[in-house]
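Engineer: Pasting a structure here, questions to come.
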Amino acid sequence: MNEKYERQMKKGVLDMLVLKLLKEDQKYGYQLIMEMKEKSGGTFSLKEGTLYPILYRLEEEGYVESQWSGPEGKQLSRKYYRITGKGKEALGNMADAWEQIARGVEDIMGGSV
């Protein structure tokens, strides 16, 4: 697939996918990266430089909150993110919009090119 088109298509759904993963439980950045890659079968393999601006923007919009954990044993402090009530509402709206877009694309594409 042409990387330019693939990147553009993926970019539009990343906020929604991050919020969906955070709806399950609070997570730290690397955990989000690994879960997204695993659950998507490698389709969404993000770099930190892609994920963290998304998390910062979502936090600025009030969709997620962050909190540092204290160090435990050899484990360093980690910044955990969790979805807010406003974020859950936004996720619902994003999911509705995505379903409408996916239906429209399917209607036009008809399952084949």
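Throughout, read-outs are computed from the coordinates displayed, never taken from laboratory work. Since the structure is predicted, the reported quantities are computational estimates derived from the model, not experimental observations. Cβ sites come from the backbone with ideal geometry, for glycine too, and all protein chains shown count toward neighbours.
Engineer: Out of residues 5 or more away from Tyr28 or on other chains, whose amide H comes under 5 Å of its own, with H placed 1.01 Å from N in the peptide plane?
Structural biologist: Tyr81
Engineer: Hey, what did the chain get for relative contact order, percent, Cα under 8 Å, at least 6 apart? Don't jump to the answer; show the numbers that get you there.
Structural biologist: On the way: 100 pairs, mean separation 28.8, N = 113.
Value for the chain: 25 percent.
Engineer: Based on DSSP H runs of at least 4 residues, each adding -39500 (n - 2.57), what is the mean residue ellipticity at 222 nm of the chain after dividing by all its residues, to the nearest 500 deg cm²/dmol?
Structural biologist: That comes out to -19500 deg cm²/dmol.
Engineer: Below 23 Å, Cα to Cα, which lysines can Lys79 reach? Residues fewer than 8 away in the same chain don't count.
Structural biologist: Once the sequence-local lysines are set aside, what remains near Lys79 is Lys20, Lys23, Lys27, Lys37, Lys39, Lys47, Lys88.
Engineer: Can you give the extra length, in nm with one decimal, that the chain gains between Lys10 and Lys23 once fully stretched, where that is 0.36 nm per residue apart less the Cα-Cα distance? Each step should come with its number before you reach the end.
Structural biologist: On the way: separation 13, 0.36 × 13 = 4.68 nm, distance 1.98 nm.
Full extension of this stretch gives 2.7 nm more.
Engineer: In whole Hz, with x marking every Gly and Pro, tabulate ³J(HN,Hα) for the stretch 70-81 from phi via Karplus 6.51 cos²θ - 1.76 cosθ + 1.60, θ = phi - 60°.
Structural biologist: Running phi through 6.51 cos²θ - 1.76 cosθ + 1.60 with θ = phi - 60° gives x, x, 10, x, 8, 7, 6, 4, 10, 9, 9, 10 Hz.
Engineer: Between Thr84 and residues 5 or more places away or on another chain, which pairs have amide H atoms under 5 Å apart, with H built 1.01 Å from N, and which residues are they?
Structural biologist: Correct list: Val64, Glu65.
Engineer: Place a label point 7 angstrom from the Cα of Asn93 along the Cα-to-Cβ direction, then list the residues of the stretch 1-38 whose backbone nitrogen is under 14 Å away.
Structural biologist: Residues passing the 14 Å test: 16.
Engineer: Still on this model: Direction-averaged shadow area of the convex hull around the Cα atoms of the stretch 3-113, nm²?
Structural biologist: So the Cα hull casts an average projection of 8.3 nm².
Engineer: Which FRET efficiency value, to the nearest 0.05, is calculated for Glu61 and Met34 with the Förster distance at 25 angstrom and r the Cβ-Cβ distance?
Structural biologist: Details: r = 24 Å, r/R0 = 0.97.
So, using R0 = 25 Å, E works out to roughly 0.55.
Engineer: Would you be so kind as to identify which of Met36, Gly85, Gln8 lies farthest towards the positive end of the dipole of the chain, taking Lys and Arg as +1 and Asp and Glu as -1 on Cβ and the Cα centre as origin?
Structural biologist: The residue sitting farthest along the positive end of the dipole is Met36.
Engineer: Could you pull the Rg and Dmax for the stretch 51-101, using just the Cα atoms, both in Å?
Structural biologist: 14.3, 48
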